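Chemist: Okay, handing you the structure first.
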Amino acid sequence: MSNASLKEQLQALSIAPTSEDKKDQSVKKQQNAKKTFTKPNSPKKPSTKNTKSTVTQKPAWLEYAQYGVELLKAHFPNCFKEIKEVQPLKIGIKQDLVKLLSTREDIVTSDKACMVSSIAYYVNSASYHKSIIEGASRIDLEGQAVGVVSAEEAKYSTESRKAKLLKKKIPQQTAPAVSENKEN
């Protein structure tokens with residue numbers, strides 16, 4: 001299944017919303033209008049109020065991704081599990097999820113889209129990368145074993161996790177200083 005067909009399927013899901021979907025969408029639009037999206041690496045403006053009592057607010061994209069993961073856990077508990085129980089997922093599970101969600105009428109369209117986009121957040125977590133070990137069973141949406149992790153996949157996952165940790169530890173360097181021109 002190509003990415004274009006995934007996009008078409010998601011668009012098809014959003015073409016014919018029910019009256020309940022329309023209510024949910026209008027409520028969510030109102031809520032989203034109040035929220036401001038910030039980039040994860042953007043610097044926070046310091047508060048002029050008492051800094052001891054300020055609570056760091058999560059960026060909207062992170063809340064959205066975590067909400068999607070919670071939906072996945074609720075609708076597919078045999079597949080999407082808590083941090084300590086994470087297992088490698090079937091290759092192509094995103095396509096399977098889109099196909100299955102297109103048949104479900106008990107889930108609102110916006111939640112379906114949220115679940116599909118949150119798979120990337122789930123599979124890029126440290127606990128997921130730790131579960132990618134050579135020979136480990138991959139599972140489908142029902143939690144059934146459908147394959148195993150290859151040595152190449154395990155190596156790639158380990159390297160990705162190390163690169164991500166290294167990126168966090170070493171702050172990104174600013175642009176090199178421009179050398180001054182010397183006049184003779």
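Chemist: Please indicate, with yes or no, whether at least one residue in the stretch 122-139 is acidic (Asp, Glu) and farther than 18 Å from ASP96 by Cα.
Modeler: yes
Chemist: Among the residues of the stretch 154-168, is there at least one that is farther than 24 Å from LYS73 by Cβ and in a loop (DSSP other than H, G, I, E, B)?
Modeler: no
Chemist: Something else: Residues ILE170, ILE119: which one is loosely packed, with under 13 Cβ neighbours inside 10 Å and either β-branched (Val, Ile, Thr) or at pLDDT 95 or above (or both)?
Modeler: That would be ILE170, the only listed residue that is loosely packed, with under 13 Cβ neighbours inside 10 Å and either β-branched (Val, Ile, Thr) or at pLDDT 95 or above (or both).
Chemist: Can you tell me which of (1) under 29 Å from TYR64 (Cβ atoms); (2) modelled with pLDDT under 90 is the one ILE132 doesn't meet?
Modeler: (2)
Chemist: Somewhere in the stretch 65-86, is a residue more than 25 Å from GLY143 (Cβ to Cβ), surrounded by 12 or more Cβ atoms within 10 Å (Cβ to Cβ) and at pLDDT below 95?
Modeler: no
Chemist: Being part of a loop (DSSP other than H, G, I, E, B) and within 19 Å of the chain's Cα centre (by Cα), is that true of even one residue in the stretch 133-150?
Modeler: Yes; the residues of the stretch 133-150 include at least one that is part of a loop (DSSP other than H, G, I, E, B) and within 19 Å of the chain's Cα centre (by Cα).
Chemist: Still on this structure, I have one more. Would you check if there is a residue in the stretch 107-114 being among the β-branched types (Val, Ile, Thr), buried (at least 16 other Cβ atoms within 10 Å of the Cβ) and under 13 Å from the mean Cα position of the chain (by Cα)?
Modeler: The answer is no, given that none of the residues of the stretch 107-114 is among the β-branched types (Val, Ile, Thr), buried (at least 16 other Cβ atoms within 10 Å of the Cβ) and under 13 Å from the mean Cα position of the chain (by Cα).
Chemist: Sticking with this one: Can you tell me how many residues in the stretch 89-129 are of a type outside the set (D, E, K, R), more than 23 Å from ALA163 (Cβ to Cβ) and not in a helix (DSSP H, G or I)?
Modeler: Count: 5.
The values are calculated or read from the model by the stated rules, or taken from the named source; none is laboratory data. In this text, all values refer to a predicted model and were calculated from it rather than measured experimentally. As a convention, Cβ positions derive from the backbone with ideal geometry for all residues, glycine included, and neighbour counts pool all protein chains shown.
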